[in-house]
Amino acid sequence: MKEQSSFRGKKKNPSKRIQKKTVSQAQDFPLVRKSGIVAHPALDNILASIGKPPESTFVPDDFQLQSIAEIEKENDCLVIAPTGSGKTYIAQEAMRKFLEQGKKCWYASPLKALTNAKWIEFRQIFGEENVGILTGDIKDNASAKIITGTTEILRNCLYDAMINEENVDFDLVIIDEAHYLGDSNRGVVWEETLMYLPRRVNILLLSATIGNGEEIVNWLEKIRQKKCTLVVSEKRPVPLFPIFYHPGKRMLLPLIDKNGDIFAGVKEYCGQTQKRFSRPIGVSPLLTILKEQNLLPAIFFVKSRHLCDNAIEKVGNKETTQDAGFQEQLAIYAEKYPFIKRHKHLRQLRDKQVASHHAGHLPVWKFLVETMMKTGHLDTIFATTTIAAGVNFPARTVVITDSDLFDGDNFNPLTANEFRQMSGRAGRRGIDNVGFVLIVPGSFMDVGHVAALVSAKPQNVDSQIKNNFSMCLNLIKSHNLLEIQNIFRDSFLAFQKRGSAENLWQDFLRHLDFLQREGFVDENNKLSDAGEIAVRMRVDNPLIFAQIIQKNIFANLDEAVLAGLVASYAFDGEDDLSISPKEIPRRLKIAHSLSERTLAAIVEKLIQEKFPVGKRFIGVAYAIYLWAAGEEWGKIIKKTGIAEGNLVSLSLRTAEHLRQVGNIKEFPDVAIKALSVRKAILRDPVSFEMF
C-alpha cells in the first residue's frame, strides 16, 4: 500500500454550488465564512468556551500529593496519568526532597531529545552545578546530584556495578515513559533496569498509557520485596473535545454525542460510500477554518516525512499570523546556528509560521521548531507520530488524518495508546480552557475505529524480554549460572506467563553454547580474552566488534576509514545507500573487504543458528567516511542522497560505537584513534550546544 494523504493542493475557487446550498440553509447553520466551511450548531457552546483560564495559584492535585508522599516514605511508585497532567511536577518534587537530603537521583527517559530538554529544564530549577547529563553522545557534570540520561545508559551503569561488585551511587530512579517496558525493540532494557536496581534505590515510574498498572506493581513488589504504590488519575487538566470534518457537507461536527455514541452526522458519513464523500480538503482551506474558529495553534499528524514536507509547501501566507517577537527570536537562533540559515524550510517558517517536524530533519532544526512552538510563535506543525512520544510542546488542536500507522513494513490500525499519545498534545495547561482533536478523513480512514479510540482504555504492557549476546555476556561476567536462572525467574515475562522462565533459560543456554563454541566463554563459564572485549561492547553486535578488534583489523586504518567501517557495523537499516562504486575510495573498499572476509565464518554461523546479525553496507560506510574526513555537510547529502536526519542518526550511532571501541584498553592505539575520530564526527550540525 502506498502512502496516502488527506491533503490536496489548494483550489483557486471554492465550489459555488456548496456555498449556495449552505446559504440556503442559514436557518439551520451559521453564515458561511471565508473558508466555505461551517461549524454545526452543536459545537456552539464548546467553541464559545475557547480561551485562557483565569490565573490562579498552583495547587497540586491529590494524585500528585499522594505520589510525592509515597516517595517520601521510600516506597516505589507507579503513576499513570494523562499527558500534561503534571507528572513532571511529581518528579521535580521527589528530586527536590532527595537533593535536600544530599541524595542522588537519576531521571531516565527513552529519547535523547527528551533527555536534553529535561537537562535544560532541571538545570534552571536546581542549578547547573546540581544537574548532569549522560546519553552516550553527551557527558556533562557526571558527578552531579541529579543525572538525566537515557534508560540504556542507566542499564549499562547497572551492568558495570554488578560486574565490579559496586553499589550504584544514586538513591532515586525516575523512569519516564514507563510504558516502554512493552516496546518490542527496547522493552528488554526497561525490564533489565527494573530487575537489576538494588532494593535500597527508590523507583518512580511515570506513564500516560499503561492499562495493567496493578500487575506491574505486583511484579515489582514480588521481586524487590518492598511496597510499590499504584497512583492513577484519569482527569485531564485541559478537557479534550473530539470534532470531525465532514468532507461532503464541508462542515465541522462533534465526533461523539452526549451519550458517548458517534454523532448522527458522522454516523451518516460512515454509512455513505466513502469514495463519494472523501474529497480531501486542501491544507490552506483547513488552516483557514482552524483560524476562523480560533483552533490554532495545531499539530497535524501525518503518515510520512514526505507528506509533512509537502504540506508546508501548500500553506499560503494569508493563513498565518505575523509575529514580531517570532522574527526577532528566529534571527537570534539563525545567528547562533548557521545551519538554520541554509535550511530548505526557512522561508516557510519565517513567512508562514508553519513547520515540518520529523526524524529526517537536523537536531538543531527540530530544536528550533520545538522551541518556537512552546513559546507560542508557530501556528502549525506537520509532524510524524514520533513527535507524540515524550516531546513536550502541546497545541490547542491536534489534527489526525489517518486511522492507521506505517511500521516500516505494514499499515496497522491506530492503537489506543498511539491515539492517546497523539491526542494528549491537545490543550495547553494554563493557556487553554479546552483542547481539540480534529479528525479529517482521507481515503483510507476508518472513522468508526478512531471514534472508538476516544474512550478506549490504555493497553496492557506485556514483557518484551529476550536474550541477546550483550545481555548474556554481562550476566555471565557478573553472575553464576544459578543466579542467572533466578534472574529469569524474576522477570516480568515469568510473572505474566507460566513456564516462560524456563524458555528464557533454555534460550540463554543456546546463546551460552554458541559463545563457548566460538571461544568467547571457556568450559568453566568464564569469559575468555575475546569475551572480555565483547562484554565491554554495549552494542547490538558485540561478537562482531570483538572479532574485528581481536584480529587487529582497525590497527592500520586511518581515522576516516575506521569511522566508516564502524558505521557499517552500527547501521541498523535494511537497505544501503545508492552509491556508485567508482565514488568510494580504494582504501575504504580494501578495509571493508578485509572486514567482511574476517567476519565471514562467524556471520555464517550466526545466520545458520538464527541469531540476528546486521548488514554491513559500504555505502553507509562511505557517508560517514566523508563526514569524518571533513567533507562539507551539504556535499555529503548531495553525493549520497541520505536524508539529513538519517545522517545525523547514523553519525550518533557511529560515535557511540566508537566510544565503546575507545574502552578497549588492550589495544591502546586503536582506542585513541577511535576517540579522536569520534570528536571529529560530533561536530555541528550532528552535535550542537543548546541555549
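Tell me whether the stretch 572-590 contains one or more residues that are in contact (Cβ under 8 Å) with a residue 40 or more places away in the chain, touching a Phe, Trp or Tyr at 6+ places or on another chain (Cβ under 6 Å) and closer than 26 Å to ARG538 by Cβ.
yes
Within the stretch 69-118, how many residues turn out to be crowded, with 23+ Cβ neighbours inside 10 Å, among the hydrophobic types (A, V, I, L, M, F, W, C) and in contact with a helix residue (DSSP H, G or I) (Cβ under 8 Å, 6 or more places away or on another chain)?
Of the residues in the stretch 69-118, 11 are crowded, with 23+ Cβ neighbours inside 10 Å, among the hydrophobic types (A, V, I, L, M, F, W, C) and in contact with a helix residue (DSSP H, G or I) (Cβ under 8 Å, 6 or more places away or on another chain).
Give the residues of the stretch 453-467 that are of a type in the set (Lys, Arg) and closer than 9 Å to LEU181 by Cα, sorted by residue number.
Selection gives nothing.
Can we say GLU631 is surrounded by 14 or more Cβ atoms within 10 Å (Cβ to Cβ), of a type in the set (Asp, Glu) and free of Cβ contacts under 8 Å to residues at least 12 places away in the same chain?
Yes, satisfied.
Can we say ASP507 is part of a loop (DSSP other than H, G, I, E, B), in contact (Cβ under 8 Å) with a residue 40 or more places away in the chain and either surrounded by fewer than 16 Cβ atoms within 10 Å (Cβ to Cβ) or not basic (Lys, Arg) (or both)?
Answer is no for this residue.
Exactly one of these conditions fails for LEU493: (1) at positive phi; (2) surrounded by 15 or more Cβ atoms within 10 Å (Cβ to Cβ). Give me its number.
So the condition that LEU493 fails would be (1).
So if I check each of GLY149, GLY136, which one is under 20 Å from ARG659 (Cα atoms), buried (at least 21 other Cβ atoms within 10 Å of the Cβ) and in contact (Cβ under 8 Å) with a residue 24 or more places away in the chain?
The unique qualifying residue is GLY149.
Among the residues of the stretch 111-141, which ones are at pLDDT 90 or above and either in a loop (DSSP other than H, G, I, E, B) or of a type in the set (Ser, Thr, Tyr) (or both)?
Matches in the stretch 111-141: GLY127, ASN141.
Can you find even one residue in the stretch 163-179 that is assigned to a helix (DSSP H, G or I), crowded, with 22+ Cβ neighbours inside 10 Å and touching a helix residue (DSSP H, G or I) at 6+ places or on another chain (Cβ under 9 Å)?
The answer is yes, given that some residue of the stretch 163-179 is assigned to a helix (DSSP H, G or I), crowded, with 22+ Cβ neighbours inside 10 Å and touching a helix residue (DSSP H, G or I) at 6+ places or on another chain (Cβ under 9 Å).
Of all residues in the stretch 82-108 being in a helix (DSSP H, G or I) and among the aromatic types (Phe, Trp, Tyr), which is farthest from GLN421 (Cα to Cα)?
PHE98
Which of the residues belonging to the stretch 462-479 are of a type in the set (Lys, Arg) and in a helix (DSSP H, G or I)?
The answer is LYS477, and nothing else.
Mind checking which residues of the stretch 345-367 are basic (Lys, Arg) and more than 17 Å from VAL686 (Cα to Cα)?
ARG347, ARG350, LYS352, listed by residue number.
Criterion first (under 18 Å from the mean Cα position of the chain (by Cα) and basic (Lys, Arg)) does ARG425 satisfy it?
Yes.
Return only the number of the condition from (1) farther than 22 Å from SER528 by Cα; (2) touching a Lys or Arg at 6+ places or on another chain (Cβ under 9 Å) that ILE487 does not satisfy.
Among (1) farther than 22 Å from SER528 by Cα; (2) touching a Lys or Arg at 6+ places or on another chain (Cβ under 9 Å), ILE487 violates only (2).
hydroxyl-bearing (Ser, Thr, Tyr), in contact (Cβ under 8 Å) with a residue 40 or more places away in the chain and crowded, with 17+ Cβ neighbours inside 10 Å: does that describe THR288?
Criteria met by THR288.
May I ask you to verify whether PHE126 is crowded, with 17+ Cβ neighbours inside 10 Å and among the aromatic types (Phe, Trp, Tyr)?
Criteria met by PHE126.
Name the single residue, out of those in the stretch 300-317 being of a type outside the set (A, V, I, L, M) and in contact with a Phe, Trp or Tyr (Cβ under 9 Å, 6 or more places away or on another chain), that is surrounded by the fewest Cβ atoms within 10 Å (Cβ to Cβ).
SER304
Output the strands (runs of 3 or more DSSP E) that fall wholly within the stretch 215-262 and possess 2 or more residues being aromatic (Phe, Trp, Tyr), at pLDDT 95 or above and surrounded by 17 or more Cβ atoms within 10 Å (Cβ to Cβ), or say none.
240-246
VAL188 passes all but one of (1) in the same structural domain as GLN92 (by TED's automatic domain parsing); (2) modelled with pLDDT under 95; (3) crowded, with 19+ Cβ neighbours inside 10 Å; which number fails?
If we test VAL188 against (1) in the same structural domain as GLN92 (by TED's automatic domain parsing); (2) modelled with pLDDT under 95; (3) crowded, with 19+ Cβ neighbours inside 10 Å, just (2) comes out false.
Determine, yes or no, whether VAL131 is in contact with a Phe, Trp or Tyr (Cβ under 8 Å, 6 or more places away or on another chain), within 28 Å of LYS226 (Cβ to Cβ) and free of Cβ contacts under 8 Å to residues at least 24 places away in the same chain.
Yes, satisfied.
Within the stretch 346-364, does at least one residue satisfy the condition of being surrounded by fewer than 21 Cβ atoms within 10 Å (Cβ to Cβ) and either β-branched (Val, Ile, Thr) or within 19 Å of VAL437 (Cα to Cα) (or both)?
no
Those residues that are surrounded by fewer than 19 Cβ atoms within 10 Å (Cβ to Cβ), in contact (Cβ under 8 Å) with a residue 60 or more places away in the chain and among the hydrophobic types (A, V, I, L, M, F, W, C), I need them from the stretch 634-658; list them, please.
Selection gives ALA643 alone.
Within the stretch 263-276, which residues are of a type in the set (Lys, Arg) and at pLDDT 90 or above?
Matches in the stretch 263-276: LYS267 only.
Checking the structure you have, find out if any residue of the stretch 571-591 is modelled with pLDDT under 95 and within 18 Å of ARG678 (Cα to Cα).
yes
Of the residues LYS551, LYS497, which single one is in the same structural domain as LEU606 (by TED's automatic domain parsing) and out of contact with any helix residue (DSSP H, G or I) (no Cβ under 6 Å at 6 or more places or on another chain)?
The unique qualifying residue is LYS497.
The values are calculated or read from the model by the stated rules, or taken from the named source; none is laboratory data. Computed from a predicted model, the values in this text were never measured in an experiment. Cβ: placed from backbone, ideal geometry, glycine included. Neighbour counts: every protein chain shown.
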